[in-house]
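Undergrad: Can you keep this structure in mind? I'll have questions shortly.
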Amino acid sequence: MALGEVYLDFLYFKCLRYFEFYIWEPCVKMENQNCILLTCDKSYLKFVLFVVWQLESQVTKNFDIVISSDDSSIEEFLPTNLVFLHLSDITRWKQLGNDDRLNYSTYLRLPALEILSSRYRRVLYLDADIYIANRNISPIFDLPMGDYALCAVRDTQQRFNVKNHVSDFKNNDLAKSKYFNAGVLLIQSQKWI
């Protein structure tokens, strides 16, 4: 593999990396303009598959379901109607936080969002611990976002009082600030890139 090029096995994307930026040339056509992205390693695959099961039972489905991982062996456990995005060049992501609460796979949503933003109009990222209570999640893709790249849900620590000092901020001597849950992110691709 030539330096600076990454081939994503299943999607047949070609990536040319220049400094911190990626340019993606999609070589296959996806079915929809929107997608729902879940990332995982093998230890979270069963939880991701439960979310997929919930998504497959949707009344209206105007989205592709994309599962992303650095572990290519996960693909064999996925239903054939899903898109598997193999992230093969994740060296810099493995250098980020690795503790009891977060490991590098937490950060895999970032390169995956970067890749998918060049293909889809909107990308909804969901953590593996999500329960979808609504049988029609599709309208979320039509939320008005204006000039914002990201829609997120306020974290439970600030759900009822935005002035609460979030424990992660307090424990790290950071000032009070607004805090969102990174487990549900709606990305407007044209603004994200």
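The values are calculated or read from the model by the stated rules, or taken from the named source; none is laboratory data. Just so it is clear, the model here is predicted, and its values are computed rather than measured. Quick reminder, even Gly has a Cβ in these numbers, built from the backbone with ideal geometry, and neighbours come from all protein chains shown. Just so you know, the surface numbers come from the protein's heavy atoms only, side chains and all, with ligands and any DNA or RNA stripped out. Shrake-Rupley method; radii C 1.70, N 1.55, O 1.52, S 1.80 Å.
Undergrad: Let me check I've understood the local charge: for PHE77, count other residues with C-beta under 11 angstrom from its C-beta, Lys and Arg +1, Asp and Glu -1. What total comes out?
TA: -1
Undergrad: Moving to a separate point now. How much of the accessible area of segment 37-114, probe 1.4 Å, is carbon plus sulfur, in whole percent?
TA: Carbon and sulfur together cover 53 percent of it.
Undergrad: What is the spin-label model distance, in nm, from LYS178 to ARG154 if the labels are put 7 Å beyond Cα along the C-beta direction?
TA: 1.0 nm
Undergrad: May I pose another question? Just flag the chymotrypsin sites (Phe, Trp or Tyr not before Pro) in segment 118-193 sitting in loop per DSSP whose Cβ has no more than 11 other Cβ atoms within 10 Å.
TA: TYR131, PHE160
Undergrad: Further, regarding this structure: Going from most exposed to least, what order do ASP147, ASP64, ASP127 have by accessible area with a 1.4 Å probe?
TA: ASP147, ASP127, ASP64
Undergrad: Greater than 31 Å separation of Cα atoms is the criterion. Which listed pairs, LYS61/LYS163; LYS94/LYS191; LYS42/LYS163; LYS46/LYS94; LYS94/LYS176; LYS61/LYS191, meet it?
TA: Flagged as over cut-off: LYS61/LYS163; LYS42/LYS163.
Undergrad: Once a ≥ b ≥ c are taken as the square roots of the eigenvalues of the Cα gyration tensor of segment 64-193, is the result rounded (a/c under 1.5), prolate (a/b larger than b/c) or oblate (a/b not larger than b/c)?
TA: Oblate.
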